[in-house]
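Report on one structure; see the data block that follows.
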Amino acid sequence: MDASSLFNVLTGYSLPPEYKRFVVAPHGMRNFFERMIEKEIDNAEKNLPCGITAKVNSLVDPGMIELLYKASQANVSVRLIVRGICCLIPGLPGVSENISVNSTVGRQLEHSRIFRFENAGNPKIFMGSADWMQRNLDRRVELVFPVEDPDLRKRAFEILNLMLNDNINTRVMQPDTSYCHIDKRGKAPCDCQTEFWRIAQNAVADLGKQDESQPFRPIRSADLIP
């Protein structure tokens, strides 16, 4: 229903509705992210499990940066994967000590946006098209949606964890805004993009095995007769 409603908005057939699951800019996305971050801050103050993990291409919106600083000061762990421009500065004493910023740049173009909120021990994860920029939150039609299917949630969590463990393509932003390679001494090499490629190849191979075990047989008219 949400997808149909959004399509009607894009084609000009209707005004923006009240979506059931979708979060759609420019009429609700900023408020949504503000509520989710504030909820993690509230959970931290209540000593409940809390944390924010976000993967975006760019982080430049002043309002979002201010809220993430506020979360850090409330002892919320904030892990950011920002491929390109990042105006937030991690590791500043008393400001952003609980924030880390990684930039992953490899052979493939990292273009996904993924947002995880620990939600007092019941993690919620969202995917979509929006970066944390003014134009994405306030001036464009952008979409963020929850991942609710258990298998897809598990896959999304694994993607985030694999990227956070990458020590080949990843550089870490320092408090002076420079970027440094991860120290790999004593650590097994982890190239998330190569691992994603391997996972995709295995999935294709498994699909081929299924196709071979169940050869295609066209339906004939006689098959339809009881």
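The values are calculated or read from the model by the stated rules, or taken from the named source; none is laboratory data. From a predicted model like this one, the values you see are computed outputs, not experimental measurements. Ideal geometry is used to build each Cβ from the backbone, glycine not excepted, and the neighbour counts take in all protein chains shown.
What is the residue count in the range 169-192 for residues that are surrounded by 14 or more Cβ atoms within 10 Å (Cβ to Cβ) and farther than 28 Å from PRO93 by Cα?
3
Would you say SER96 is surrounded by 19 or more Cβ atoms within 10 Å (Cβ to Cβ), farther than 30 Å from ASN8 by Cα, polar (S, T, N, Q) and out of contact with any strand residue (DSSP E or B) (no Cβ under 7 Å at 6 or more places or on another chain)?
Answer is yes for this residue.
Of the numbered conditions (1) under 18 Å from the mean Cα position of the chain (by Cα); (2) within 24 Å of ALA156 (Cα to Cα), ALA120 satisfies every one except a single condition; which is it?
It is condition (1) that ALA120 fails.
Quick one: count up the residues across the range 124-145 that are under 16 Å from ARG35 (Cβ atoms) and of a type in the set (Lys, Arg).
The qualifying residues number 1.
Check the range 11-31 and report whether any residue there is without any contact (Cβ under 8 Å) to a residue 12 or more places away in the chain, within 25 Å of VAL95 (Cβ to Cβ), assigned to a helix (DSSP H, G or I) and of a type outside the set (Gly, Ala, Ser).
yes
Does VAL95 fit the bill of being within 15 Å of the chain's Cα centre (by Cα) and either at pLDDT 95 or above or more than 30 Å from PRO16 (Cβ to Cβ) (or both)?
No: the conditions fail for VAL95.
Report, by residue number, each residue of the range 83-102 that is in contact (Cβ under 8 Å) with a residue 40 or more places away in the chain, in contact with an Asp or Glu (Cβ under 9 Å, 6 or more places away or on another chain) and either of a type in the set (Ser, Thr, Tyr) or in a loop (DSSP other than H, G, I, E, B) (or both).
ILE89, PRO90, GLY91
Working only within the range 188-223, note down all residues that are at pLDDT 90 or above and in a loop (DSSP other than H, G, I, E, B).
ALA188, PRO189, CYS190, ASP191, listed by residue number.
Which of (1) of a type in the set (D, E, K, R); (2) surrounded by fewer than 10 Cβ atoms within 10 Å (Cβ to Cβ); (3) within 22 Å of the chain's Cα centre (by Cα) does GLU195 not meet, given it meets every other one?
Tallying (1) of a type in the set (D, E, K, R); (2) surrounded by fewer than 10 Cβ atoms within 10 Å (Cβ to Cβ); (3) within 22 Å of the chain's Cα centre (by Cα), GLU195 fails exactly one: (2).
Filtering the range 53-82 down to residues that are touching a Lys or Arg at 6+ places or on another chain (Cβ under 7 Å) and part of a strand (DSSP E or B), which residue is surrounded by the most Cβ atoms within 10 Å (Cβ to Cβ)?
ILE81
Please specify each residue of the range 108-158 satisfying the condition of being part of a helix (DSSP H, G or I), acidic (Asp, Glu) and either touching a residue at least 60 places away in the same chain (Cβ under 8 Å) or closer than 14 Å to LEU80 by Cα (or both).
ASP138
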